[in-house]
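I have placed the structure first, in the form of structure tokens, so that the comments after it can refer back to it.
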Amino acid sequence: MPYSIKNSYGWTLRKLVQNTYVHMHSRFDYKERDVLKSVSVRAINVYDGLNPGEASTKYIIRSSSHPQYAPYYTKKDNRGRPRKYQRTYKHEYDVTIQLDKLSLDTTGIKLRTGSDAKWDFSQGAKGFYTGKGRNRRYVESKNVKRGINGDFFFRLEWLYSKNEILFGRDWTNGPPNVVNPKKIMFLDKHMLHTIEYLTNRGILQ
């Protein structure tokens with residue numbers, strides 16, 4: 001029997017999916033705006049060091065997708081040819097799910113989308129354009145290149161920490177009073193993608 005991950009508030013993956021559907025349905029819409037390229041899953045046994053032989057399973061999932069919205073997507077490519085979607089730009093984030101057991105209903109969960117790192121406020125979230133004409137291209141923000149997910153960092157990281165479901169350290173400076181003033185607990189689109197993937201393949205029950 002794995003050791004129990006503390007979660008005094010009773011959050012489960014199922015409850016978070018339901019809360020997202022009711023209060024932040026836009027994340028389901030955002031999920032559909034990306035072409036999911038791949039999801040890789042690696043399972044690791046994590047021991048608490050107190051109870052020999054008892055471990056929790058941590059799933060390290062890397063979600064890779066091609067965003068289909070501005071500034072990444074345009075109706076024409078750099079040669080002027082019409083296109084239905086783009087595969088030039090790729091977003092890749094580590095999506096970490098640690099579970100007591102492979103269930104949507106276990107309260108033993110720890111979650112994180114993106115790198116376990118602090119946002120560099122000198123860089124911002126948006127990139128910049130370089131070149132002109134057919135050579136014009138969009139250059140990602142260094143924060144995105146470092147794998148830090150802005151939606152998660154600014155809207156969820158502090159909340160997940162306070163609700164005892166954050167995997168890793170809380171790097172924020174305080175609550176998301178501006179971007180998530182109602183303190184809504186929800187799942188970002190990459191986590192939704194990952195849970196859907198694991199559920200459809202029978203990994204999560």
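The values are calculated or read from the model by the stated rules, or taken from the named source; none is laboratory data. This structure is a prediction, so every number in the text was calculated from the model and none was measured. Here the Cβ is made from the backbone with ideal geometry for all residues, glycine too, and neighbour counts use every protein chain on show.
Does the stretch 150-166 contain any residue that is at pLDDT below 90 and either touching a helix residue (DSSP H, G or I) at 6+ places or on another chain (Cβ under 8 Å) or surrounded by fewer than 16 Cβ atoms within 10 Å (Cβ to Cβ) (or both)? Scanning the stretch 150-166, I find at least one residue that is at pLDDT below 90 and either touching a helix residue (DSSP H, G or I) at 6+ places or on another chain (Cβ under 8 Å) or surrounded by fewer than 16 Cβ atoms within 10 Å (Cβ to Cβ) (or both), so the answer is yes. Restricting Y89, Y93, Y138 to residues that are at pLDDT below 85, in contact with a His (Cβ under 6 Å, 6 or more places away or on another chain) and either within 27 Å of V41 (Cβ to Cβ) or not in a helix (DSSP H, G or I) (or both) narrows the list to Y93.
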